[in-house]
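Some notes on the structure that comes next.
The values are calculated or read from the model by the stated rules, or taken from the named source; none is laboratory data. These numbers were taken from a predicted model, which means no experiment stands behind them. No Cβ is skipped: glycine too gets one built from the backbone with ideal geometry, and neighbour counts run over all protein chains shown. Please note that ligands, DNA and RNA were not included when accessible areas were found on the heavy atoms of the full protein model with its side chains. Shrake-Rupley method; radii C 1.70, N 1.55, O 1.52, S 1.80 Å.
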Amino acid sequence: VEQSGSGSVSIPLSAEYAKPGNIISVVGMNSVGANYDLLLLEKDAAEFAVGRFEVASDWGSLHTTLSLDTERKSEGLTSLVSPAGWKIIESRNISTVDFEVVGEKMSVDVFVPSTTQNQYWVGNLELWLYIPSSNMRIQLGEQIQLQPYFGNWKSYEFDVPLNAREKLSELHDDVHFQIVLNSADSLWIDNLRFVGNVADNPVNK
């Protein structure tokens, strides 16, 4: 561990250890002092922490019980499992300073199991932006009918309208994303991110 005069700390790692998913434990000398476990993640400018579905408290629903799955995911360490039926899945509060970039589209990955109850109708998916302090709830794109892409992940894209991009470029501490999902069976959700034509978010510059 190398500490600079400014107080920042760097931990040089060889390529063998600097891999996403590894956990680096930092322990005080002689086990005295603060101890930390650092989870290494790949960093992409279009990603934001909540969109990775890595923490159970990042998303919730008043309509059903959600869980995380470490075995089936499209990126990172976990994905979100949503049971059958209609529900709104809502993120925790997000600050707009957490978005390094804002784009004209958002994409989310969905896994449909091959054992789904209805082979002819998988379900419908919507994505909304909700900012209580601005009294705004904006639909991103339109409702999408999920495809019977059984046993595989598929990415679905939603247009981010101008008024939503403008709000994300302002200072707000109560941004929520809402996934409105109606499905015949359990589905796996992962990797909500900006895609396509993205630009630096002026809020955190």
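Quick notes on this structure:
- Filter result (touching a residue at least 40 places away in the same chain (Cβ under 8 Å), open to solvent by 40 Å² or more (accessible area, probe 1.4 Å) and of a type in the set (A, V, I, L, M)) within the range 54-87: Leu77, Ala84
- Applying the set (1) open to solvent by 30 Å² or more (accessible area, probe 1.4 Å); (2) of a type in the set (A, V, I, L, M, F, W, C); (3) at pLDDT 80 or above to Ala18 leaves exactly one unmet item: (3).
- Residue tally, condition open to solvent by 40 Å² or more (accessible area, probe 1.4 Å) and in contact with a strand residue (DSSP E or B) (Cβ under 9 Å, 6 or more places away or on another chain), over the range 171-192: 2
Quick grid of which residues meet (1) hydroxyl-bearing (Ser, Thr, Tyr); (2) more than 15 Å from the chain's Cα centre (by Cα):
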position	(1), (2)
Tyr130	yes, yes
Pro148	no, yes
Lys154	no, yes
Asp159	no, yes
His172	no, yes
Trp188	no, no
Asp200	no, yes
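- Verdict on Trp128 being at pLDDT 95 or above, part of a strand (DSSP E or B) and surrounded by 17 or more Cβ atoms within 10 Å (Cβ to Cβ): yes
- Among the residues of the range 131-165, those that are over 18 Å from Arg193 (Cβ atoms), assigned to a strand (DSSP E or B) and either open to solvent by 40 Å² or more (accessible area, probe 1.4 Å) or of a type in the set (Phe, Trp, Tyr) (or both) comprise Met136, Arg137, Gln139, Glu142, Gln143, Gln145, Phe150, Asn152.
- Filter result (among the aromatic types (Phe, Trp, Tyr) and touching a residue at least 40 places away in the same chain (Cβ under 8 Å)) within the range 88-121: Phe99, Phe111, Trp121
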